[in-house]
1. Can you give the extra length, in nm with one decimal, that the chain gains between Lys111 and Leu153 once fully stretched, where that is 0.36 nm per residue apart less the Cα-Cα distance?
2. Using a 1.4 Å probe and counting only protein heavy atoms, arrange Val95, Val88, Val156 so the residue with the most accessible area comes first.
3. Quick one: of Lys138/Lys181; Lys51/Lys100; Lys138/Lys163; Lys51/Lys140; Lys51/Lys75; Lys123/Lys192, which pairs are farther than 21 Å apart, Cα to Cα?
4. Using per-residue counts of other Cβ atoms within 10 Å, averaged over each peptide, order 119-128, 165-174, 64-73 from highest down.
Amino acid sequence: MKPICFIFTYGSYLNRSQARTNHNVCKTSLSVIFLSLLFLGVMPGIPNIDKGINQTAFDNLVRYGQHWTYNQTQKVVESVIFQYTDWVNQTDPLVRFRQKYMDVITDSLFKAPAVRSAHIFVKNKLKDTFFYCFDHVKSKFPTWAGVFHGSDLIYVFGRPFAKYNKSVSEPNQTAEIIFSKKVITFWSNFAKAG
């Protein structure tokens, strides 16, 4: 399972000139809709993904499913397939290829753009640049799906506190409440001190 990664700067933003120079940093996509469908097991073109995918489906999804880079060539596609094929682990191929496809999607839509953005912020000497990864999987989602984009917001804004029980001591609250409190503390400290 790969965590979703985020990047923040404290009190700094790219100006228009810097943003124009680095216009390929962010790629607009329907990733939130795409990943929401994923959790329902209804990924476009991937019926029954909750049961896994075979190598042919994996290869076809990588070849025809999305452009991984600008000016993509066949060599790029073959490199992606090669890089994300698990050559050592031969157990449960349906699950293995599904996970590798999830890794490709996560890396291309979230991780790579976040890392590239961090490099650009540092290159442009913006104040402090912070990078964090969130890997807490909420129990109602399938573990194979990993962390979905924006899943940290549930904890940042205290959604688990809707089930707070006043008659139970702090250490005995649900794990989700305790975790949310930690996330709120992390974010509050970041907002105060950077």
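1. Between Lys111 and Leu153, full extension yields 13.3 nm more.
2. Reading off the accessible areas and sorting them downward yields Val88, Val95, Val156.
3. Among Lys138/Lys181; Lys51/Lys100; Lys138/Lys163; Lys51/Lys140; Lys51/Lys75; Lys123/Lys192, the Cα-Cα distance tops 21 Å for Lys51/Lys75; Lys123/Lys192.
4. Per-residue Cβ counts within 10 Å, averaged per peptide and sorted highest first, yield 119-128, 64-73, 165-174.
The values are calculated or read from the model by the stated rules, or taken from the named source; none is laboratory data. Nothing here was measured: the structure is a model prediction, and the numbers come from that model. With ideal geometry, Cβ positions are generated from the backbone for all residues, glycine too; neighbour counts draw on all protein chains shown. Note: areas computed on protein heavy atoms with side chains; ligands, DNA, RNA excluded. Shrake-Rupley method; radii C 1.70, N 1.55, O 1.52, S 1.80 Å.
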